[in-house]
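> What follows is a structure written as structure tokens; I'll ask about it next.
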Amino acid sequence: MLIEVFKSKIHRVRVTASDLNYIGSITIDEDLIEAAGLVVGERVYIVNVNNGERFDTYVIKGKRKSGEVCLNGPAARKVQRDDIIIIIAYAQMTPEEARDFQPKIVFPDEKTNLLT
């Protein structure tokens, strides 16, 4: 049996842009992707602290050290620029694997989205 376990989180980043006409996804600064152990194309869940919206999308690599966090496509309707969001990823594993698993949690600077 597999269970879904919290894998990683980018906690409280600021939305820098939204692009309704893009095909869809979330563009994230490459440094944040790596720090959180995310994979380009991976499904992530977005929680908007400002309005309570919760939705899922997938990761696209943004420019390194840019602080970029851009919601694209239909997800752009769920956020506004400067909203604070939490990006969460889960993984499937056995209960035995889950007992020893340690998630990665990233706390970037909330104003710049950069790692300190």
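The values are calculated or read from the model by the stated rules, or taken from the named source; none is laboratory data. Computed from a prediction, not measured in an experiment: that's the story for all the values here. Here the Cβ is made from the backbone with ideal geometry for all residues, glycine too, and neighbour counts use every protein chain on show. Areas reflect the complete protein model, heavy atoms only, side chains present, ligands, DNA and RNA absent. Shrake-Rupley method; radii C 1.70, N 1.55, O 1.52, S 1.80 Å.
> Collect residues whose amide H, placed 1.01 Å from N in the peptide plane, falls under 5 Å from the amide H of residue 24; neighbours closer than 5 in sequence don't count.
73
> Send over a whole-number figure in Å² for the accessible area per residue of the chain, probe 1.4 Å.
Solvent-accessible surface per residue comes out at 57 Å².
> Tell me, what ³J(HN,Hα) does each residue in region 81-86 have, in order and in whole Hz, if you take phi through Karplus 6.51 cos²θ - 1.76 cosθ + 1.60 with θ = phi - 60° and put x for Gly and Pro?
For region 81-86, the Karplus curve yields 3, 6, 4, 9, 10, 10 Hz.
> If you take every DSSP beta bridge fully contained in the chain, what fraction is antiparallel? Give it as a percent rounded to 5.
70 percent
> Additional query: Which one of 97, 68, 53 has the biggest mean-square fluctuation once the chain is modelled by GNM with Cα springs under 10 Å?
97
> Give me the percent of the accessible area of region 50-90 that comes from carbon and sulfur atoms, probe 1.4 Å, all protein chains in place.
Carbon plus sulfur share of accessible area: 43 percent.
> Next question. Spelling out what I want: for every residue of region 104-111, take phi, set θ = phi - 60°, compute 6.51 cos²θ - 1.76 cosθ + 1.60 (Karplus), and round to whole Hz; glycine and proline get x.
The phi angles translate into 9, 10, 10, 10, x, 4, 5, 7 Hz.
> Next question. Chymotrypsin sites (Phe, Trp or Tyr not before Pro) within region 55-92: which are DSSP loop residues with at most 15 other Cβ atoms inside 10 Å?
Counting only loop positions with at most 15 other Cβ atoms within 10 Å, none of the chymotrypsin sites (Phe, Trp or Tyr not before Pro) in region 55-92 qualifies.
> If you don't mind, another one. What residues qualify as long-range amide H neighbours of residue 68, i.e. H under 5 Å apart, gap of 5 or more or another chain, H built at 1.01 Å from N?
The answer is 29.
> Could you give each residue of region 71-80 its phi-based ³J(HN,Hα) in whole Hz, using Karplus coefficients 6.51, -1.76, 1.60 with θ = phi - 60°, and x for Gly or Pro?
8, 10, x, x, 4, 4, 6, 9, 9, 10
> Under 5 Å between amide hydrogens, which residues at least 5 positions from residue 105 or on another chain qualify, with H placed 1.01 Å from N in the peptide plane?
Under 5 Å from the amide H of residue 105 lie the amide H atoms of 9, each far enough along the sequence or on another chain.
> Which semi-axes, in whole Å and largest first, does the equivalent ellipsoid of region 1-112 have when worked out from the alpha carbon gyration tensor as the square roots of 5 times its eigenvalues?
Square roots of five times the eigenvalues give 24, 15, 13 Å.
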